[in-house]
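*Asks:* Let me give you the structure first, and then I'll get to my questions.
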There are 2 protein chains.
Amino acid sequence: MPDISEKGLLMPASPIRKLTPYADQAKKTGKKVYHLNIGQPDIATPEGMLNAIKNIDFNVWAYTPSEGTLTYRTKLADYYNKLGYNITPEDILVTVGGSEAITIAMQTCVNEGDEIIIPEPFYANYNGFACMSNVVVKPILSHIENGFALPPIADFEKLITAKTKAIIICNPNNPTGYLYSKEELEALKALCLKYDLFLLSDEAYREFCYDGREFISPAHLNGLEQHVVILDTVSKRYSACGARLGCLITKNKAVIQAGLKFAQARLSPGMVEQIAGTAAVDTPDSYFEAVNKEYTLRRDTLVKRLNAMDGVFCPNPGGAFYVVAKLPIDDADQFCQWILESFNHQGETVMMAPATGFYSTAGSGKNEVRMAYVLNTEDLNRAMDCLDIALKQYPGRKMA
Amino acid sequence: MPDISEKGLLMPASPIRKLTPYADQAKKTGKKVYHLNIGQPDIATPEGMLNAIKNIDFNVWAYTPSEGTLTYRTKLADYYNKLGYNITPEDILVTVGGSEAITIAMQTCVNEGDEIIIPEPFYANYNGFACMSNVVVKPILSHIENGFALPPIADFEKLITAKTKAIIICNPNNPTGYLYSKEELEALKALCLKYDLFLLSDEAYREFCYDGREFISPAHLNGLEQHVVILDTVSKRYSACGARLGCLITKNKAVIQAGLKFAQARLSPGMVEQIAGTAAVDTPDSYFEAVNKEYTLRRDTLVKRLNAMDGVFCPNPGGAFYVVAKLPIDDADQFCQWILESFNHQGETVMMAPATGFYSTAGSGKNEVRMAYVLNTEDLNRAMDCLDIALKQYPGRKMA
């Protein structure tokens, strides 16, 4: 039998999904499992988007242009220009999910063996995409104590070498929920200009900013146009994770031209998705107002419950729908497995993502977990009941 | 401004799409362009598949499992088992188009820097996927004179080194339309067993075999189960290129497990597509009978018209919906550009793909073009009228 490749062995498994067999087993034994492990919202997809699918009127389900249809890119440009991005349809490559936007950006902007700096904890799949692209991730530690704010620029500068080609930020952040301030982005701008680095801005959670705070993108900063690559997706904005529809946006023509060659190799993004995505841009503001109100309520519920538990600390995040909380435990991987395998409260338990999978620095996040508040407040409260009791029963309980 | 990556420069542009600006310009000047350059069929997608899209009844467009839904994989297994593949749903990874199946197979089966042998001319995007995966393509020349039959096994053996990890075949072949015989596949089996190579079988055109000839897959060959990886797509089978729905099938568990990690990084294939793909398996035989009758008529029309032209030779292919023809010209790239730019017959012209893009060996295919017979016979005849006259007017006319 031929051996599989080294890369097939090296590719990291998903930390969000790796406990799935334990959850499946728990369900088989009759337990109800509250899924806080994955960012799959329970929010309804906008009706306009679903109706666009139901009303398709083509006879041949055909390829679209590799860069996406002009209709969709034009509509998307309108959406971004309302946000003040000042772009044209030619600045957009439509991608198969935000995932492909990240892959194409890494492969287009960073040489193999070169380095990309990412504040950690970070979206775990960046590791997978970096592995696929032979790009070296240089993590820079952010801290739960200040809510995972941007690390000091001096810390970035210590990491910069001749091999540094780019910085990735995810804003609002997955997994921490941190929303970067204008000052933090201005500091990153100065850094990227000083060292001529790409700034890859993953904005999957742009729509989810709370407490009246404004979302600022690197696309808003003058003078950084040739350095900024925006990575986006409809997955979270419209609760359409299964659409696999994203985009890459940049004013840098060399990146667009090279990215198009990667897009041509895989021929086309989905056609039905682009029809639905075009309709999605017309989603009324009232949809987002209702969704943000609901997420704010959930965040408040979750953060309050967590901080009320003995030995637990959870910062109050400004955006996205995740929190990272510090728990009084020895090992988050073991705890998250134990709570599925060996614990139940009234026949129920909870699935969380150990934060270790979101750190690249070994040993970091060992007493932290990520939770997605993608359930209604009643379910969230029941999940927190489970966690509260579980923390008291867990054999590996350990106060910080 | 930061430089883009070396890979961004190295990635090949699509030979199928690179003449598109000339076609666009021709259309702007009022010419009608017959597109024989791309495998986008004009055949209607099965009604059952389109109805499945129109009848979606979910409220949340959610992620599916990374490997695809069990419902779809179960249905797919039924489809393949009717063909005699003897597989289970666990042997299938659902992919984003056949493209992703090829990428995952290359990255999972072949080490970076290692080699994969591919009979040429071959599907041009293999070059792009190999570039993305740092896999070295070793082409092995097949010849128009014998209809692009499998090159002698002795020729394969001359290419095999310690770095050889796999062979790719596309059957029926894109771009040649050649349908491999049982004897040819048995010979490849013996070779793969002797040298312990993976046999990657791209079967996108499985449904399109003509003149009553039987399709044989490496999946039909006993004793090769751990070596065979099937790469498939719904694009051509159901004229659903825009669905971006494919799959990778293998009995080799190590390949499935490693492939799943690549699939997890990009989270999920499309949800609506899997619903449509599930319905597609129930497409009645009458659909395929009608489609194959139509393609046979088109092939016969095209091949007859081509061979009637002075200095043109076109083998009669056993499958798919492509032909590669030898023309009395100096340079296919120049000719295909010239016919768009500088020629018209009654306001019409034709777009073809220069065969050079399908060869990896420099200088090969310089007087060959690929044509996809994806237009009705009336349009095909008009396209052939254009070609016939153009060949007489082309300044670079050159008899072989």
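The values are calculated or read from the model by the stated rules, or taken from the named source; none is laboratory data. These numbers were taken from a predicted model, which means no experiment stands behind them. Using ideal geometry, Cβ is built from the backbone for each residue, glycine included, and neighbour counts are taken over all protein chains shown. Heads up: the accessible areas ignore ligands, DNA and RNA and are worked out on the full protein's heavy atoms, side chains in. Shrake-Rupley method; radii C 1.70, N 1.55, O 1.52, S 1.80 Å.
*Asks:* Name all residues of region B:110-136 having a backbone nitrogen under 15 Å from the label point set 7 Å from the Cα of B:Lys158 along its Cα→Cβ direction, giving them as ranges.
*Replies:* So the set is B:118-120.
*Asks:* Relative to the isolated chain, which residues of region B:256-273 have their accessible area cut by 50 Å² or more in the presence of all protein chains (1.4 Å probe, heavy atoms, no ligands or nucleic acids)?
*Replies:* B:Lys261, B:Phe262, B:Gln264, B:Ala265, B:Leu267
*Asks:* Kindly flag which residue pairs out of B:Lys7/B:Lys398; A:Lys138/A:Lys194; B:Lys158/B:Lys182; A:Lys138/A:Lys182 have an alpha-carbon separation exceeding 28 Å in this structure.
*Replies:* Distance filter (> 28 Å) returns B:Lys7/B:Lys398.
*Asks:* Using helices alone, I'd like the mean residue ellipticity at 222 nm for chain A: each DSSP H run of four-plus residues gives -39500 (n - 2.57), total over residue count, nearest 500.
*Replies:* -11500 deg cm²/dmol, from helical runs alone.
*Asks:* Could I ask something else about it? Charges only on Cβ, +1 for Lys and Arg, -1 for Asp and Glu: so what's the dipole of region B:13-114 about the Cα centre, in debye to the nearest 20?
*Replies:* 800 debye
*Asks:* Let me ask another. Just the number, please: Stokes-Einstein D of region B:190-276 in µm²/s, Kirkwood Rh from C-alpha pairs, 25 °C, 0.890 mPa s.
*Replies:* The Stokes-Einstein estimate is 166 µm²/s.
*Asks:* By how many degrees, 0 to 90 and rounded to 10, does the Cα axis of helix B:253-265 deviate from the longest principal axis of chain B?
*Replies:* The two axes meet at around 70 degrees.
*Asks:* Can you pull the semi-axes for chain A, root of five times each eigenvalue of the Cα gyration tensor, sorted largest first, whole Å?
*Replies:* Those come to 33, 25, 21 Å.
*Asks:* Next up: Please list, ordered by chain and number, the residues whose modelled amide H lies under 5 Å from the amide H of B:Cys247; skip anything fewer than 5 residues away on the same chain.
*Replies:* B:Thr95, B:Asp232, B:Thr233
*Asks:* Report the relative contact order of chain A, percent, no decimals, based on alpha-carbon pairs under 8 angstrom and at least 6 residues apart.
*Replies:* This gives 25 percent for chain A.
*Asks:* Give, ordered by residue number, each residue of region A:1-34 whose 1.4 Å probe accessible area is reduced by a minimum of 50 Å² on adding the remaining protein chains to the chain alone.
*Replies:* When all protein chains are present, A:Met1, A:Pro2, A:Ile4, A:Ser5, A:Met11, A:Arg17 each give up 50 Å² or more of accessible surface.
*Asks:* Please find, in a Gaussian network model of chain B (springs between Cα atoms separated by less than 10 Å), the residue of B:Ala101, B:Ala280, B:Ala308 whose mean-square fluctuation is greatest.
*Replies:* Judging by the Gaussian network model, the answer is B:Ala308.
*Asks:* Ballpark to the nearest 100 Å², how much total accessible area do A and B bury together, probe 1.4 Å?
*Replies:* Between A and B, the summed buried area is about 6400 Å².
*Asks:* For an R0 of 56 angstrom, estimate the FRET efficiency from the Cβ-Cβ distance between B:Asp300 and B:Lys194 and round to the nearest 0.05.
*Replies:* 0.90
*Asks:* Then there's this: Can you work out the FRET efficiency for the pair A:Lys182 and A:Lys82, with r the C-beta to C-beta distance and R0 = 22 Å, to the nearest 0.05?
*Replies:* 0.70
*Asks:* If you place +1 on the Cβ of every Lys and Arg and -1 on the Cβ of every Asp and Glu, how big does the dipole about the Cα centre of region B:214-286 come out, in debye to the nearest 20?
*Replies:* 400 debye
*Asks:* Further question: Which residue, chosen from A:Tyr34, A:Thr20, A:Gly128, occupies the Cα position most advanced towards the positive end of the dipole of the protein assembly as shown, where the dipole is computed from +1 (Lys, Arg) and -1 (Asp, Glu) charges on Cβ about the Cα centre?
*Replies:* A:Gly128
*Asks:* If you line up the long axis of helix A:285-307 against the longest principal axis of chain A, both from Cα atoms, how many degrees apart are they, to the nearest 10?
*Replies:* 30 degrees
*Asks:* Kirkwood hydrodynamic radius of region A:47-280 from all distinct Cα pairs, in Å?
*Replies:* 18.1 Å
*Asks:* On to the next question. Using unit Cβ charges (K, R positive; D, E negative) and no other charged atoms, how large, in debye to the nearest 20, is the dipole of region A:269-346 about its Cα centre?
*Replies:* I would put it at about 280 debye.
*Asks:* Here's a follow-up. Return the percentage of antiparallel bridges among DSSP beta bridges fully within the protein assembly as shown, rounded to the nearest 5 %.
*Replies:* 45 percent
*Asks:* By a straight-distance test (C-alpha under 19 Å), which lysines pair with A:Lys304 as possible cross-link partners, with residues fewer than eight away in the same chain excluded?
*Replies:* A:Lys304 reaches A:Lys293, A:Lys326, A:Lys392.
*Asks:* Further, regarding this structure: In whole Å, what is the distance between the alpha-carbon centres of region A:40-68 and region B:247-266?
*Replies:* Distance between centres, Cα-based: 27 Å.
*Asks:* Got the relative contact order for region B:47-280 handy, in percent, Cα pairs under 8 Å and 6 or more residues apart?
*Replies:* 31 percent
*Asks:* Along the charge dipole of region A:239-300, Cβ charges K/R +1 and D/E -1, which of A:Gln257, A:Ala280, A:Tyr295 sits furthest on the positive end?
*Replies:* With unit charges placed on the Cβ atoms, the residue in question is A:Gln257.
*Asks:* Please work out the C-alpha center-to-center distance from region A:74-99 to region A:306-336 and express it in whole Å.
*Replies:* Region A:74-99 and region A:306-336 have Cα centres separated by 35 Å.
*Asks:* In region B:108-135, what residues drop by 50 Å² or more in accessible surface going from the chain by itself to the full protein assembly, probe 1.4 Å?
*Replies:* B:Asn111, B:Glu112, B:Met132
*Asks:* When chain B is treated as a GNM, springs tying every alpha-carbon pair under 10 Å, which of B:Arg305, B:Arg17, B:Arg370 comes out with the largest mean-square fluctuation?
*Replies:* So, out of B:Arg305, B:Arg17, B:Arg370, the one fluctuating most is B:Arg17.
*Asks:* Using θ = phi - 60° and the Karplus curve 6.51 cos²θ - 1.76 cosθ + 1.60, what whole-Hz ³J(HN,Hα) does each residue of region B:204-209 get, with Gly and Pro shown as x?
*Replies:* Those phi angles translate into 4, 10, 3, 6, 10, 10 Hz.
*Asks:* Can you find, among A:Ala320, A:Ile167, B:Ala240, the residue sitting farthest towards the positive end of the charge dipole of the protein assembly as shown, where Lys and Arg contribute +1 and Asp and Glu -1 at Cβ?
*Replies:* A:Ile167
*Asks:* Which FRET efficiency value, to the nearest 0.05, do you get for B:His143 and B:Glu289 by plugging their Cβ-Cβ distance into 1/(1 + (r/R0)^6) with R0 = 51 Å?
*Replies:* 0.95
*Asks:* A follow-up question, please. Antiparallel versus total DSSP beta bridges in chain A: what percent is that, nearest 5?
*Replies:* Around 45 percent antiparallel, to the nearest 5.
*Asks:* How high is the relative contact order of region A:146-198, in percent, with contacts defined as C-alpha pairs under 8 Å that are six or more residues apart?
*Replies:* In percent, rounded to a whole number, it is 45.
*Asks:* For the protein assembly as shown, list log₁₀ I(q)/I(0) at each q in 0.05, 0.06, 0.08 Å⁻¹, using the Debye formula over Cα point scatterers of equal strength and ignoring solvent, two decimals each.
*Replies:* So the normalised log intensities are -0.27, -0.39, -0.69.
*Asks:* I'd like the antiparallel share, as a percent to the nearest 5, of DSSP beta bridges with both residues in region A:47-280.
*Replies:* About 30 percent, rounded to the nearest 5.
*Asks:* Continuing with the same structure: Take the alpha-carbon centre of region A:278-293, take the same for region A:338-400, and report the distance between them in whole Å.
*Replies:* 32 Å
*Asks:* Also, quick follow-up: Can you give me the accessible area per residue for the protein assembly as shown, using a 1.4 Å probe, in Å²?
*Replies:* Counting only protein heavy atoms, the per-residue value for the protein assembly as shown is 35 Å².
*Asks:* Please report the carbon-and-sulfur percent of the accessible area for region A:47-280; probe 1.4 Å, protein heavy atoms only, DNA, RNA and ligands left out.
*Replies:* Looking at region A:47-280 in its full context, I get 53 percent from C and S.
*Asks:* Could you work out how far helix A:271-280 tilts from the main Cα principal axis of chain A, as a 0 to 90 degree angle to the nearest 10?
*Replies:* Taking the Cα atoms of chain A, the angle to A:271-280 is about 80 degrees.
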